[in-house]
Amino acid sequence: MKMIGIGDNGVNGLLPQYIDWINECDVLVGGERHLAFFPNFNKEKKVIKGGLSKLVDELQQETRNVVILVSGDPLFFGLGGVLAKKLPLEIYPYTSSVQLAFSKMQDSWQDAYIVSLHGRSIKGFAQKIDGRKKIAILTDDNNTPQAIATYLKHYGMTEYEAFVAENLEGENERCRFMTLDEMEQASFSPLNVVILKQCGLVKRCAIGIADEAFHQRKPEKGLITKKEIRVLCLQELQLQEDSVMWDIGTCTGSVAIEAAKIAREGAVFAIEKNEGDLENCLLNQAKHRTDFTAILGKAPERLDEFPNPNAIFIGGNGGNMEHLLETCITRLLPGGRLVMNIATIENLADAMKYLKSLGCTVTILQAQISRSKPILNLTRFEPLNPIFIVTAQKGTDK
């Protein structure tokens, strides 16, 4: 069984050997567009449309000579990677759409960050690309070049110039350099690749964003996990690049924002009971180039809407600690960590009791931090409120 990559130029881009294999096969499989390149093929054709399970079942039982046609490089965000695990395939790639786009742009692509939005949500795209100098994007009918431009402008990512390549190697091929404003207003063929290239230098935020850089509730102050405590909590969470994290009682979103920058290939989910604080969280996401799910609610309500996490941060429990911790530890993945900030010894005692009863290994860090503050031409120290940082690690399955 052979899988052959094909371009938008159809038969003209195929090697003679590939054409012979196609003409000699008993069953030709492909999308409607691919099969249309072979109108004179008079044996059986199977159209790839919708779910793959039925097609895979049929091909697993097939004893005849089969050729499968797939766009570009079948192993580059294509069917090859899926079908090769289930079928005995020989794979013969064509040039990928990204390779072709960069060749039209006349730019190297070994240093490009490549992301597919084809059939995927754009959620989390901002932190994935923040600071990257060159990005190639596979689009679809929802994540169009126009939608991408609007998204980038919302998150202040205006340092990019775009290159849009449409219908590569087809009759209606068109390639254009564009500003984000131009891309937002233009129209495009559904078959396109977008390349973003920095035209201005942008420095990513280091860990420990200043408290003053976040929108906060006014006139009240202090409803934010302070920078120094935030950094200690992030260290305790032990986030990886692909971690899934919950932030319960996110308020300004300061912890969730820094977590999203670390787990930029993962996902962050936040919940906040105060509508005004949630609005500040959304404003802070746009300001700090992070895009994560943040919903209104009081945990543990609505936590069933989130996927199971590798890490959980609890900034406030709202007086429902036992039920909340039971829900969180139950949902936490094996080996995962829960970190919570506690201000009183009574709540600390309760947290220790509940977490140990849930089978967690618990450690506590007491943080008493003071910041320097000028007074005339001298310097004094101003203390932050003491805090207990409680870390619970869930056991691993044997």
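The values are calculated or read from the model by the stated rules, or taken from the named source; none is laboratory data. Bear in mind the structure is a predicted one, so any value in this text is a computation, not a measurement. Positions of Cβ are backbone-derived with ideal geometry, glycine not excepted, and every protein chain shown enters the neighbour counts. These area figures cover heavy atoms from the full protein model, side chains too; ligands, DNA and RNA do not enter into them. Shrake-Rupley method; radii C 1.70, N 1.55, O 1.52, S 1.80 Å.
Which condition number does residue 224 fail, the rest of (1) closer than 23 Å to residue 367 by Cα; (2) not in a loop (DSSP other than H, G, I, E, B) being met?
Residue 224 satisfies every listed condition except (2).
Taking the criterion of being assigned to a loop (DSSP other than H, G, I, E, B), touching a residue at least 40 places away in the same chain (Cβ under 8 Å) and not hydrophobic (A, V, I, L, M, F, W, C), would at least one residue in the range 98-107 satisfy it? Write out each step before concluding.
Step one: filter the range 98-107 for residues assigned to a loop (DSSP other than H, G, I, E, B), giving 106-107.
With touching a residue at least 40 places away in the same chain (Cβ under 8 Å) added as a condition, the list becomes 107.
Checking which are not hydrophobic (A, V, I, L, M, F, W, C) leaves us with 107.
Yes, the conditions are met somewhere in the range 98-107.
Enumerate the pairs (first residue in the range 172-191 and closer than 12 Å to residue 145 by Cβ; second residue anywhere and of a type in the set (S, T, N, Q)) with beta-carbon separation below 6 Å, excluding pairs fewer than 6 apart on the same chain, so at least 6 apart or on different chains.
Filtered contacts from the range 172-191: 184/146; 184/150; 189/167; 191/167.
Looking only at residues that are aliphatic (A, V, I, L, M) and under 22 Å from residue 243 (Cα atoms) in the range 287-323, which one is modelled with the lowest pLDDT? Let's see the steps before the verdict.
Here is the first cut: in the range 287-323, the ones aliphatic (A, V, I, L, M) are 294-296, 299, 303, 311-312, 314, 321.
Next cut, under 22 Å from residue 243 (Cα atoms) only: 294-295, 299, 303, 311-312, 314.
Numbers: 294: 98, 295: 97, 299: 93, 303: 96, 311: 98, 312: 98, 314: 96.
Filtering first and then ranking leaves 299.
When the range 50-70 is examined, which residues are found to be open to solvent by 50 Å² or more (accessible area, probe 1.4 Å) and either among the hydrophobic types (A, V, I, L, M, F, W, C) or within 25 Å of residue 168 (Cα to Cα) (or both)?
Here is the first cut: in the range 50-70, the ones open to solvent by 50 Å² or more (accessible area, probe 1.4 Å) are 50-51, 53-54, 57-58, 60-61, 63-65.
50, the sole residue that qualifies.
Residue pairs, Cβ under 8 Å, 6 or more apart or interchain, first in the range 299-314 and more than 11 Å from residue 327 (Cβ to Cβ) and of a type in the set (Gly, Ala, Ser), second in a strand (DSSP E or B) and open to solvent by 10 Å² or more (accessible area, probe 1.4 Å). List them.
Taking only residues 6 or more apart or on different chains, the pairs are 311/244; 311/337.
Pairs only if they're at least six apart or on different chains, beta carbon under 7 angstrom, first in the range 10-26 and assigned to a loop (DSSP other than H, G, I, E, B), second open to solvent by 90 Å² or more (accessible area, probe 1.4 Å); list them, first residue then second.
26/64
Mind checking whether some residue in the range 194-204 is within 17 Å of residue 145 (Cα to Cα), open to solvent by 30 Å² or more (accessible area, probe 1.4 Å) and either out of contact with any Gly (no Cβ under 7 Å at 6 or more places or on another chain) or free of Cβ contacts under 8 Å to residues at least 12 places away in the same chain (or both)?
Kept after step one, since they are within 17 Å of residue 145 (Cα to Cα), are these residues of the range 194-204: 194-198.
Filter again for open to solvent by 30 Å² or more (accessible area, probe 1.4 Å), leaving 197-198.
Next, only the ones that are either out of contact with any Gly (no Cβ under 7 Å at 6 or more places or on another chain) or free of Cβ contacts under 8 Å to residues at least 12 places away in the same chain (or both) stay: 197-198.
There is at least one residue in the range 194-204 that is within 17 Å of residue 145 (Cα to Cα), open to solvent by 30 Å² or more (accessible area, probe 1.4 Å) and either out of contact with any Gly (no Cβ under 7 Å at 6 or more places or on another chain) or free of Cβ contacts under 8 Å to residues at least 12 places away in the same chain (or both).
For the range 285-296, indicate whether the set of residues that are out of contact with any Cys (no Cβ under 8 Å at 6 or more places or on another chain), within 28 Å of residue 350 (Cα to Cα) and in contact (Cβ under 8 Å) with a residue 12 or more places away in the chain is non-empty. Talk me through it step by step, then tell me what you get.
Within the range 285-296, the subset out of contact with any Cys (no Cβ under 8 Å at 6 or more places or on another chain) is 285-287, 289-293, 295-296.
Cutting the leftovers down to within 28 Å of residue 350 (Cα to Cα) gives us 295-296.
Imposing the further condition that a residue be in contact (Cβ under 8 Å) with a residue 12 or more places away in the chain reduces the set to 295-296.
The answer is yes, given that some residue of the range 285-296 is out of contact with any Cys (no Cβ under 8 Å at 6 or more places or on another chain), within 28 Å of residue 350 (Cα to Cα) and in contact (Cβ under 8 Å) with a residue 12 or more places away in the chain.
Just checking, how many residues over the range 360-371 are closer than 16 Å to residue 386 by Cα and either in contact (Cβ under 8 Å) with a residue 24 or more places away in the chain or part of a strand (DSSP E or B) (or both)? It would help to see each step written out before you state the result.
Filtering the range 360-371 down to residues closer than 16 Å to residue 386 by Cα leaves 364-371.
Applying the additional criterion that residues be either in contact (Cβ under 8 Å) with a residue 24 or more places away in the chain or part of a strand (DSSP E or B) (or both) yields 364-367, 369-371.
Counting residues in the range 360-371 that are closer than 16 Å to residue 386 by Cα and either in contact (Cβ under 8 Å) with a residue 24 or more places away in the chain or part of a strand (DSSP E or B) (or both) gives 7.
Can you find a residue that is open to solvent by 60 Å² or more (accessible area, probe 1.4 Å) and either assigned to a helix (DSSP H, G or I) or touching a residue at least 40 places away in the same chain (Cβ under 8 Å) (or both) anywhere in the range 35-49? Spell out how you get there, then give the answer.
Restricting attention to the range 35-49, the residues satisfying the condition of being open to solvent by 60 Å² or more (accessible area, probe 1.4 Å) are 36, 39-40, 42-45, 47, 49.
Keeping just the survivors that are either assigned to a helix (DSSP H, G or I) or touching a residue at least 40 places away in the same chain (Cβ under 8 Å) (or both) gives none.
The answer is no, given that none of the residues of the range 35-49 is open to solvent by 60 Å² or more (accessible area, probe 1.4 Å) and either assigned to a helix (DSSP H, G or I) or touching a residue at least 40 places away in the same chain (Cβ under 8 Å) (or both).
Please work out which residue is nearest to residue 266 (Cα to Cα), limiting yourself to the range 319-329 and to residues that are in contact (Cβ under 8 Å) with a residue 12 or more places away in the chain and open to solvent by 40 Å² or more (accessible area, probe 1.4 Å). First the steps, then the outcome.
Filtering the range 319-329 for residues in contact (Cβ under 8 Å) with a residue 12 or more places away in the chain gives 320-329.
In the following step, the residues that additionally are open to solvent by 40 Å² or more (accessible area, probe 1.4 Å) were identified as 320, 322-323, 326.
Working: 320: 28, 322: 28, 323: 27, 326: 24 Å.
Restricting to residues being in contact (Cβ under 8 Å) with a residue 12 or more places away in the chain and open to solvent by 40 Å² or more (accessible area, probe 1.4 Å), the top hit is 326.
Go over the candidates 86, 54 one by one and state the one that is modelled with pLDDT under 95, in a helix (DSSP H, G or I) and within 34 Å of the chain's Cα centre (by Cα). Lay out the reasoning, then the answer.
On the way: 86 fails: in a helix (DSSP H, G or I).
It is 54.
I'd like to check something: does the range 227-238 contain any residue that is under 23 Å from residue 119 (Cα atoms), modelled with pLDDT of 95 or more and not in a helix (DSSP H, G or I)? Walk me through how you get there before you give the answer.
First, pick out the residues of the range 227-238 that are under 23 Å from residue 119 (Cα atoms): none.
No: zero hits.
For (1) over 17 Å from the mean Cα position of the chain (by Cα); (2) aliphatic (A, V, I, L, M); (3) within 22 Å of residue 75 (Cα to Cα); (4) modelled with pLDDT of 95 or more, each residue gets a yes or a no:
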residue: 101; (1), (2), (3), (4): yes, yes, yes, yes
residue: 105; (1), (2), (3), (4): yes, yes, no, yes
residue: 108; (1), (2), (3), (4): yes, no, yes, yes
residue: 116; (1), (2), (3), (4): no, no, yes, yes
residue: 119; (1), (2), (3), (4): no, no, yes, no
residue: 125; (1), (2), (3), (4): no, no, no, yes
residue: 130; (1), (2), (3), (4): no, no, no, yes
residue: 137; (1), (2), (3), (4): no, yes, yes, yes
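Exactly one condition in (1) within 24 Å of residue 72 (Cβ to Cβ); (2) open to solvent by less than 50 Å² (accessible area, probe 1.4 Å); (3) at pLDDT 95 or above; (4) assigned to a loop (DSSP other than H, G, I, E, B) is false for residue 157; which is it?
Every condition holds for residue 157 apart from (1).
So, in the range 367-385, how many residues would count as being surrounded by 10 or more Cβ atoms within 10 Å (Cβ to Cβ) and polar (S, T, N, Q)?
Selection size over the range 367-385: 2.
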